[in-house]
Each structure stands twice: as C-alpha cells, then as structure tokens.
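Inspection log for the structure reproduced underneath, given as structure tokens.
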Amino acid sequence: MKKISSKNVIYQYGFLTGVVAITWGIIQFIMGTHYENDVVSQIVGSIILITGIVLGQLAFRKENGGLVSFSECLKVGVGISLVQAILGLLYYFLLTNFIEPDFNIKALQISYAQMVESNPEFTSQMNEQTFIENSEPFMWIAYPAILLFSLFFGLLFSLCSGILIKKSN
C-alpha cells in the first residue's frame, strides 16, 4: 500500500481551522469582547483547534486507506496548528497595526487596571503612563507567544486524539 502525503490535508484543514478562528476573532471584535481573556473565549478557541485537528486526522486516515500511525497523527495535528497559528498571527498583525492601531495601548490599560484592582499598592510603585511606557516595547513578544502556544496545544491535542484515531494493520 502506498503512503499518501499529509501536506494537502495539513494545508486544507489548517486553512479551514484558521479561517474559523479568525471568524471567531472578528465576531469578538464586532461584539467588543476582543480585549477580554475569559474562559468562554479560551474554550471556543480550543474547540476550534481540536475540531480542526481531529477532522484533519480522520481525513488523512480515510485518504490513507483507513490506516494511520500515531506519528502521522502527530504530524498532521501539529501541521494543522502551525498553519492555523500563521493565519492567526496575520490576523493579529492586521488587528494591531491597521484595524485598531491602539489595541496594545488599550490592552495595557486594561492590564494596569486589573493589577491595581488586585494590588492597590501598585499605584504607589508605578502610574498607568509609566506602566504603558515600560511595557510597550515588549509587546512584540505576543507574536512568538501566539505561535508557541498554538503549537504546544496543537501537540497536546494531537497526542490525545492520535491515541484514539491511530489504526494499523
């Protein structure tokens, strides 16, 4: 039996997963909830990624004559999460630089308010403007963080689903 390349499945399902994730991000932006890092948003994002990975693994197994190894499941899952992360980074870049250029400032203001709420003595150490000036140069860290977190969770989800989806002779 000849082996089928996983690239087409990775690109197709990674792109579809990325489009669904970006659609979710646009819905959050329209609703004005894109600054919130609540549990519901995290769960919906995880469900989108898990669904894309599982559907991609199942599609690859079907194309491969019903057989797929655990390592192939991992490869497909991590590949899908990589494509999805790249599309997510593109959306984040467009959001923070063109759609809403002051996104980072507003996010830092919200972070400062949360820090003051949890620790009122923080205002004696640093005011909001100083906090923003000190934090803004480090906002670039969001790009590798998004990529690494997406790959990490893609690997975890692929490990779990790969155990259930793998099928050998």
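A short reminder: the numbers here are calculations on the coordinates, not readings from a lab. Because the structure is a prediction, the values reported are computed rather than measured. In this analysis, Cβ positions are derived from the backbone assuming ideal geometry, glycine residues included, and neighbour counts consider all displayed protein chains.
Cβ-Cβ distance of F149 and S124, R₀ of 35 Å, FRET efficiency by 1/(1 + (r/R0)^6): the value works out to about 0.55.
Close Lys pairs in the chain (alpha-carbon distance under 26 Å; sequence gap of 8 or more, or different chains): 17. Here the relative contact order of the chain, from alpha carbon pairs under 8 Å that lie six or more residues apart, stands at 35 percent. Dimensions of the chain based on its C-alpha atoms, expressed as ranges along the principal axes with the largest first, amount to 69, 30, 26 Å. The distance separating the Cα centre of the range 66-94 from that of the range 95-120 comes to 29 Å.
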